[in-house]
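For reference, the structure is listed below as structure tokens.
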Amino acid sequence: MRWFPLLSGFQGALLLAGPCDPSASTRALFQRMDSPDFTGDRAATLERAIQVHRRDVPLHHAYQDLNLPGGRDKLISRYAASPADPVALYLLARSKFGWKTPEAIQHLRKALRLRPAFPWPHLLLAEIHASPNFRDDLKSRLHWAAFRKACSSTPAWWRTLHFAPDPLLRAEMIQALRTTLSGRRDLEALRAWGWLWQFEMAITRSDQRAAIAERARTELALLAGIEPKGLQWAEVQEQASWALDDQSIAIKGREQMAALYPNSKFSANAAHIAFYRQYPSSRWASPEAAAAAKAVAEKWPNDIDGAHLYWRIVNAWKAAPTAVAQDAASHLALLFERNPGAISTSPPPQTDLAAFIVERGLNLDAVPPLVHQALARAEAAYGPQAQSDLHPPAAENRLSMKENWYLMSYFPLAEAYVGMRNVSSASDILSQARAILDRRRPGPGSPSGDISRHAELEALYWYLAAGLLERKGEPGPAMEAYQRSLALFPPRRPRPDRRDEVMSRARVLWRQLGRDEQDWNLWAGALPAFNAGSGPINAWKVLASKRPGFVLKDMHGTVWDPAELQSKTTFINYWATWCLPCRDELPYLEKLIARLKDHPGVAVIVLNVDDDPTLAAPFLNNLGIRVPSVAARDFAYDFLPAMALPSNWIVKPDSSRLFYTGAAGDAWVEQVLAALTGPDLDSLK
């Protein structure tokens with residue numbers, strides 16, 4: 001990494017504050033770098049520009065926002081070399097923001113003492129005092145107002161909206177941003193338009209957004225006249241797609257950019273879109289889909305998204321030949337080696353690829369490097385350097401997430417070592433996994449979701465331990481480990497897990513040990529949750545058997561008895577106050593309940609899974625929504641599996657099925673009604 005002496009000019013000379021908006025030359029540079037055809041070194045380009053325009057704060061912002069590896073410490077040392085310069089002090093504070101925020105505050109105060117008219121420290125102080133650990137609504141408002149007074153024409157402060165917790169201030173800021181952006185189509189404005197739409201939609205109930213959405217579509221159409229169209233135009237279409245919950249906007253934008261820039265990443269993206277049109281997810285598990293995905297990956301061999309698409313299709317095709325599976329895995333592993341952080345998932349995608357390689361019996365030598373990449377990403381995401389001092393300490397939560405990522409990566413690594421006959425390494429990895437499981441074991445009174453997730457991980461641990469014991473020639477202890485695994489599996493999700501594989505291998509070993517088949521059937525048939533969850537079993541029956549005499553009581557005082565609900569058709573919604581999609585769904589749940597009031601054979605039950613059950617009532621009251629919400633953290637996942645929120649289930653006397661549809665709003669209500677009252681539930685699984 002080359003470092004230019006871009007800030008050496010700070011030392012020994014006091015720089016006056018530059019204008020709020022970028023200079024004409026900086027605007028021209030940003031416009032050039034906005035082109036998808038720009039192939040220059042962005043860091044070097046900005047460094048050279050800063051040497052010429054040392055007082056241009058937006059240039060420094062652009063350079064800082066590159067987040068170069070190791071860049072923060074080097075920037076701090078350079079800014080700190082000019083302790084009497086307000087610009088250097090502000091940039092030093094910005095480098096420490098969220099990391100050493102108390103020091104940042106001192107730098108900002110000093111900058112304002114040196115030059116009271118310098119506006120940028122006010123903006124950063126407004127963000128700091130809006131954060132939970134430094135919250136002071138009055139200071140935040142005053143600093144924001146001071147910046148706005150000095151910089152009324154710039155929309156650069158839109159990021160401050162992310163921090164503003166005061167609903168009145170947020171509404172005021174949204175209106176001010178709309179005023180600032182009115183009639184503008186320049187690059188600085190484009191960066192803010194998409195966020196404006198998202199903020200406006202976020203503060204409005206989902207069933208009252210039609211007028212806002214229509215205005216946003218009109219404004220997007222007016223912005224379409226911008227020339228030249230570059231990366232920021234593509235980004236604003238992605239943001240509009242997200243804000244308006246309309247994927248077609250993003251798809252149209254990507255196709256437009258591919259036509260304008262045929263040699264850019266957008267061309268590969270357009271090929272992905274064409275693939276998805278021809279092969280919806282229902283057609284993925286086929287040789288035709290795999291061949292088409294491979295053609296896309298081969299046409300753009302350095303496009304990691306294309307390689308990931310190819311692998312996902314082969315992963316869905318359970319009957320894929322080994323050669324095809326190995327080809328997809330090898331191509332993706334190669335690109336991960338070049339750019340380990342190119343794709344973000346939880347856990348890291350390297351973990352899923354490692355598990356795929358093990359389960360398909362592919363080249364096991366590829367597993368350890370993939371797992372090491374995944375563990376490095378766990379450290380980067382949840383290690384000490386990633387912690388922010390803007391929020392209350394969440395060390396325990398961060399450690400929990402990091403250890404979960406470690407655990408899920410350890411499993412395929414241990415299984416690979418067993419397959420490679422490396423018993424010592426497999427034993428060592430499983431020992432580390434065991435230590436994490438013991439540390440993370442939920443205590444008394446823990447939410448049922450935590451208990452369910454831990455049980456599933458422990459079931460996988462005992463399955464792998466059984467395989468290791470078999471490899472070591474210890475069939476008796478291996479059988480005990482298999483039985484422990486099978487007894488731990490929580491209610492099953494709609495997507496297959498490995499429980500049936502465990503059952504099959506355990507049954508084979510049982511027979512090899514010469515044990516009685518009838519005894520096996522009796523034992524396996526009595527497993528508490530193995531067959532519960534998604535499938536031909538009534539979830540209420542499971543709950544009633546696990547908790548005899550247990551009843552549910554919603555926030556309005558209505559009592560629901562699982563024993564009675566077994567004979568009804570029920571729609572069960574899982575939600576939490578922190579879940580934004582849940583918030584959007586709640587008004588339509590209310591409409592659904594109103595539509596079903598004359599159907600006594602159908603019930604709607606809303607299960608709140610917040611760790612703090614007292615949050616639900618004021619949250620619903622503030623939204624003006626009345627639904628039969630039940631505080632369910634202690635039992636919600638005893639009878640149905642833990643899923644991403646919101647999740648919806650339809651439980652009939654003879655089945656429990658996850659309900660999902662891509663529809664939203666009133667169309668979602670109609671599809672739920674059709675599934676509840678119509679003869680065919682499976683069509684909407």
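The values are calculated or read from the model by the stated rules, or taken from the named source; none is laboratory data. Remember, it's a predicted structure, so these values are computed and weren't measured experimentally. Every residue, glycine as well, gets a Cβ built from its backbone with ideal geometry; the counts of neighbours run over all protein chains shown. With ligands, DNA and RNA removed, areas are computed over all heavy atoms of the protein, side chains included. Shrake-Rupley method; radii C 1.70, N 1.55, O 1.52, S 1.80 Å.
Brief remarks follow.
- Test result for Val602, free of Cβ contacts under 8 Å to residues at least 60 places away in the same chain and over 23 Å from the mean Cα position of the chain (by Cα): no
- Scanning region 390-415 for residues that are farther than 19 Å from Ala435 by Cα and either open to solvent by 40 Å² or more (accessible area, probe 1.4 Å) or small (Gly, Ala, Ser) (or both) yields a total of 4.
- Ala478 being at pLDDT 90 or above and out of contact with any strand residue (DSSP E or B) (no Cβ under 8 Å at 6 or more places or on another chain): yes
- Against the numbered list (1) in contact (Cβ under 8 Å) with a residue 40 or more places away in the chain; (2) among the β-branched types (Val, Ile, Thr); (3) closer than 17 Å to Asp207 by Cβ, Ile593 comes up short only at (1).
- Residue that is most open to solvent (accessible area, probe 1.4 Å), among those in region 218-233 that are of a type in the set (A, V, I, L, M) and touching a residue at least 40 places away in the same chain (Cβ under 8 Å): Leu231
- Number of the condition not met by Gly361 [criteria: (1) assigned to a helix (DSSP H, G or I); (2) more than 25 Å from the chain's Cα centre (by Cα)]: (1)
- Within region 67-88, one or more residues are touching a residue at least 12 places away in the same chain (Cβ under 8 Å), surrounded by fewer than 21 Cβ atoms within 10 Å (Cβ to Cβ), on the phi > 0 side of the Ramachandran plot and not acidic (Asp, Glu).
- Conditions (1) assigned to a helix (DSSP H, G or I); (2) open to solvent by less than 20 Å² (accessible area, probe 1.4 Å); (3) in contact with a Ser or Thr (Cβ under 9 Å, 6 or more places away or on another chain); number of the one not met by Gly98: (1)
- Any hit, region 187-202, residues being buried (at least 20 other Cβ atoms within 10 Å of the Cβ), out of contact with any strand residue (DSSP E or B) (no Cβ under 6 Å at 6 or more places or on another chain) and outside any helix (DSSP H, G or I): no
- Selection status of Ser346, open to solvent by 40 Å² or more (accessible area, probe 1.4 Å) and touching a residue at least 40 places away in the same chain (Cβ under 8 Å): yes
- With respect to (1) part of a helix (DSSP H, G or I); (2) free of Cβ contacts under 8 Å to residues at least 12 places away in the same chain, the lone exception for Leu112 is condition (2).
Quick grid of which residues meet (1) in a helix (DSSP H, G or I); (2) in contact with a helix residue (DSSP H, G or I) (Cβ under 6 Å, 6 or more places away or on another chain); (3) touching a residue at least 12 places away in the same chain (Cβ under 8 Å); (4) not hydrophobic (A, V, I, L, M, F, W, C):
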site: Met479; (1), (2), (3), (4): yes, yes, yes, no
site: Asp500; (1), (2), (3), (4): yes, no, no, yes
site: Arg505; (1), (2), (3), (4): yes, no, yes, yes
site: Trp510; (1), (2), (3), (4): yes, yes, yes, no
site: Gly514; (1), (2), (3), (4): no, no, no, yes
site: Gln518; (1), (2), (3), (4): yes, no, no, yes
site: Val542; (1), (2), (3), (4): yes, no, yes, no
site: Pro548; (1), (2), (3), (4): no, no, no, yes
site: Lys553; (1), (2), (3), (4): no, no, yes, yes
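- Subset of region 202-248 (residues that are of a type in the set (A, V, I, L, M), in contact with a Phe, Trp or Tyr (Cβ under 9 Å, 6 or more places away or on another chain) and within 25 Å of Leu586 (Cβ to Cβ)): Ile212, Ala213, Ala216, Ala240, Ala243, Leu244
Listed here are the residues, each with its yes/no results for (1) open to solvent by 70 Å² or more (accessible area, probe 1.4 Å); (2) not acidic (Asp, Glu).
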position	(1), (2)
Trp510	no, yes
Gly514	no, yes
Glu517	no, no
Ala524	no, yes
Pro528	yes, yes
Gly549	yes, yes
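- Looking only at region 48-65, residues that are under 17 Å from Glu188 (Cα atoms) and either exposed (fewer than 13 other Cβ atoms within 10 Å of the Cβ) or of a type in the set (Gly, Ala, Ser) (or both) come to 2 in all.
- Filter pass, Ile174 being in contact (Cβ under 8 Å) with a residue 24 or more places away in the chain, surrounded by 16 or more Cβ atoms within 10 Å (Cβ to Cβ) and not in a helix (DSSP H, G or I): no
- Every condition in (1) under 25 Å from Pro287 (Cα atoms); (2) in contact with a Phe, Trp or Tyr (Cβ under 7 Å, 6 or more places away or on another chain); (3) of a type outside the set (Lys, Arg) holds for Asp389 except the one numbered (1).
- Counting only helices (runs of 4 or more DSSP H) that sit completely within region 555-629, those holding 1 or more residues that are among the basic types (Lys, Arg) and open to solvent by 10 Å² or more (accessible area, probe 1.4 Å) correspond to 580-595.
- Arg492 under 26 Å from Val651 (Cβ atoms), open to solvent by less than 40 Å² (accessible area, probe 1.4 Å), under 30 Å from the mean Cα position of the chain (by Cα) and among the charged types (D, E, K, R): no
- Ala394 being closer than 30 Å to Phe635 by Cα, among the small types (Gly, Ala, Ser) and modelled with pLDDT under 95: yes
- Glu585 charged (D, E, K, R), touching a Pro at 6+ places or on another chain (Cβ under 8 Å) and within 30 Å of Ala202 (Cα to Cα): yes
- Qualifying residue in region 440-454 (condition: closer than 28 Å to Ser330 by Cβ and surrounded by 15 or more Cβ atoms within 10 Å (Cβ to Cβ)): no
- Test: residue in region 245-259 that is open to solvent by less than 20 Å² (accessible area, probe 1.4 Å) and either in contact (Cβ under 8 Å) with a residue 40 or more places away in the chain or touching an Asp or Glu at 6+ places or on another chain (Cβ under 6 Å) (or both): yes
- So Glu403, is it assigned to a helix (DSSP H, G or I), under 30 Å from Phe97 (Cα atoms) and at pLDDT below 90: no
- Residue match in region 339-355 (condition: closer than 27 Å to Ala433 by Cβ, acidic (Asp, Glu) and assigned to a helix (DSSP H, G or I)): yes
- Residues (assigned to a helix (DSSP H, G or I) and either basic (Lys, Arg) or in contact (Cβ under 8 Å) with a residue 40 or more places away in the chain (or both)) located in region 261-312: Lys265, Phe266, Arg277, Arg283, Lys294, Lys299, His308, Trp311, Arg312
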